[in-house]
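The values are calculated or read from the model by the stated rules, or taken from the named source; none is laboratory data. None of the values given here were measured: they were computed from a predicted structure. With ideal geometry, Cβ positions are generated from the backbone for all residues, glycine too; neighbour counts draw on all protein chains shown. Please note that ligands, DNA and RNA were not included when accessible areas were found on the heavy atoms of the full protein model with its side chains. Shrake-Rupley method; radii C 1.70, N 1.55, O 1.52, S 1.80 Å.
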Amino acid sequence: MTFLEIMSSPILFVLVGLGVLYILVFCGITLVRSYRHGLAIGLSKEQLRTAITSSSIYSIVPSISIVVGLISLSTVIGVPWAWFRLSVVGAVTYELISAEMTATGAGFADMAALGASAEGASLVGTVMFVMSIGIMAGVIAILLFGPRIMKGVSGLRSKHGAWGALMTGVLSMAIIEAFLPLQLVKGPVYIAVVITSVVVTVLQLFLIKLTGWKWWNNFIMAVTLLVGMASSLLWTNLLG
Amino acid sequence: MDKKYERGIHLIGRIGLIIGIAFMLGIPAVISAVYDVWPSSITQVMTIGGGLLLMFIPTALAEVISYTPVLGSSAYITFLTGNVMNLKLPCVINSHTLTGTTQGTDEGDTIAAISVAASSITTTLIIIVGVLLMVPLRPILTSPMVATATSYLLPSLFGGMVLSFMNESCGEYIAKGKNLVMILPLVLVFVINLVYPLSGKEGFAVLACMALNVLIAWVLYKKNIIKMVPKDAAPGKSE
């Protein structure tokens, strides 16, 4: 059997299917448990539904981009393993890099060369183990340090009153501070897309204020993402 | 936070991760056994994967330290299902904004867990549909237009998230002047990136920005430039 034949085998499909089913069960348990806890601590059903609806709607567009990545990754490592890697821990960029580094580490020019070679099949186990182990650092780190970090944040907040609330409140701002400038320096199309997204968000907030359609809040991020990405086609033609 | 719930959420999270790890290593093990394609030795795996580990371990550690304070207990599912920056963090931040909650509180932590779980379920189901419909979808999803649009996902995302960060809500307080904290870190990241490209090192940049944010917030708070007003005492909402 060749590398890709093993990587597309029915048994791998079954194993990956079980792995993906496990992810759905784990998420389902967390969702139900947290929803019940939310009600118990006084969060309203509307708040809880807003979190579920807005997150689900927002996730559709980025998930489609993951399916795009799935198509390219599946040509390199087969459909089932690509499916598993993108459902558990992985992101397309990491998976493509890790597959290529594994191939070059094994002495091949790239994954295509490994797949085409007669010895490729004997490296199936190595490729799969390396790809799994390489991405596991984050999972192990959260296993070891996660509770300590979480308790640290909630402890800071409860012990220091108003200052504690401010201190923990400014932490998330670091996300936009670290990522936004790096997008803006990539070129005029990136800048135009960022500005488009800001304008689209403002217009939607204005629409909600004007019409009182609070339910539209659930769609703001998804619509912004879609329009922003679509606008890149226009900006690429004009500025690219 | 309710101690019983807190213990439970950490226990379930950790067990969930351990089972996830079992799948990550178990699937290669079963395939290796069935097709007799075991790695020749652990040394072979470490030699081939050495570069990968050296590249990803520091980044992964930086991401865990920087994103966990924002994610709270949802970090367990987040780091198991991946796509932290493009999916899970935006969902959490957006849900916090929409529900008027903040991380570090029981309410904020619960909303984060619900958001990440809902997002992960949606993504997992869409990927399943993608696998089932891969043949008919391939020509559409690999068209040049879709390829261009998907490459601009992150600028669209950050443009959309800017306003989520520009509110003065801090849980049970309104932090008047809080947005001033962002100015210096934004400028610094911009300038540092000109001399030392930060692409691929975003996890470290987030960590540094977090420390800087706390420092700037402390100075502005002590100088009374940032004023913390309890929400029930504030004349109007600022969200």
Once ligands and nucleic acids are excluded and a 1.4 Å probe is used, how much of B:K222 is accessible, expressed in Å² to the nearest 10? 130
Excluding same-chain residues fewer than 8 positions from B:K227, which aspartates and glutamates have a Cα within less than 19 Å of its Cα? B:E168, B:E172, B:E239
List residues of the range B:66-89, by number, whose backbone nitrogen lies under 18 Å from a label position 7 Å along Cα→C-beta of A:A40. B:73-74
With every protein chain in place, what's the accessible area of A:E119 (1.4 Å probe, Å², nearest 10)? 120
To the nearest 20 debye, what charge dipole does chain A have about its Cα centre, counting +1 at the Cβ of each Lys and Arg and -1 at the Cβ of each Asp and Glu? 1300
At 222 nm, what helix-only mean residue ellipticity would the protein assembly as shown give, in deg cm²/dmol to the nearest 500, using -39500 (n - 2.57) for each DSSP H run of four or more? -26000 deg cm²/dmol
Using only atoms on other chains, find how many Cβ atoms lie within 10 Å of each Cβ of peptide B:87-94 and report the average. 6
Return an integer: the convex hull volume of the alpha-carbon atoms of the range B:171-239, in Å³ per residue. 102
Assigned charges on the beta-carbon of Lys, Arg, Asp, Glu; chain B dipole about Cα centre (debye): 400
Computed E for A:V199/B:L194 - FRET, C-beta separation, R0 22 angstrom, nearest 0.05: 0.25
Is there a pair in B:K3/B:K231; B:K4/B:K176; A:K159/A:K214; A:K209/B:K88 whose C-alpha atoms are over 29 Å apart, and which pairs would that be? B:K4/B:K176; A:K159/A:K214
What does the convex hull of the Cα atoms of the range A:3-142 come to per residue, in Å³, rounded to a whole number? 112
At a threshold of 8 angstrom on Cα-Cα distance, excluding pairs fewer than six apart, so keeping six or more, what relative contact order does chain A reach in percent? 23
Using the Karplus curve 6.51 cos²θ - 1.76 cosθ + 1.60 with θ = phi - 60°, what ³J(HN,Hα) values do you get for each residue of the range B:153-164, in whole Hz, with x for Gly and Pro? 4, 5, x, 5, 5, 5, x, x, 8, 3, 5, 4
Area projected by the alpha carbon convex hull of the protein assembly as shown, averaged over all directions, nm²: 22.7
Could you give the dipole magnitude of the protein assembly as shown about its Cα centre, charging the beta-carbon of Lys and Arg +1 and that of Asp and Glu -1, in debye to the nearest 20? 1460
Top to bottom by accessible area (1.4 Å), largest first, where do B:L61, B:L157 land? B:L61, B:L157
Rounded to the nearest 0.05, what FRET efficiency do B:V187 and A:L239 have when you use their Cβ-Cβ distance and R0 = 35 Å? 0.90
If the chain between B:R7 and B:V219 were fully extended at 0.36 nm per residue, the gain over the current Cα-Cα distance would be 72.8 nm
Hits among lysines - C-alpha to C-alpha of A:K186 under 19 Å, sequence gap 8 or more where chains match: B:K201
Computed label-point distance, nm, for sites B:V162 and B:T142 using a 7 Å Cα→Cβ extension: 3.6
Could you order B:D106, B:D2 by accessible surface area, starting with the largest, using a probe radius of 1.4 Å? B:D2, B:D106
With no solvent and one equal point scatterer per Cα, compute the Debye intensity ratio I(q)/I(0) for chain B at 0.08 Å⁻¹ and report its log10, rounded to two decimals. -0.43
Label-point separation, B:N179 to A:E5 (7 Å along Cα→Cβ), nm: 6.3
Counting all C-alpha pairs of the range A:179-240, share separated by more than 17 Å (%): 44
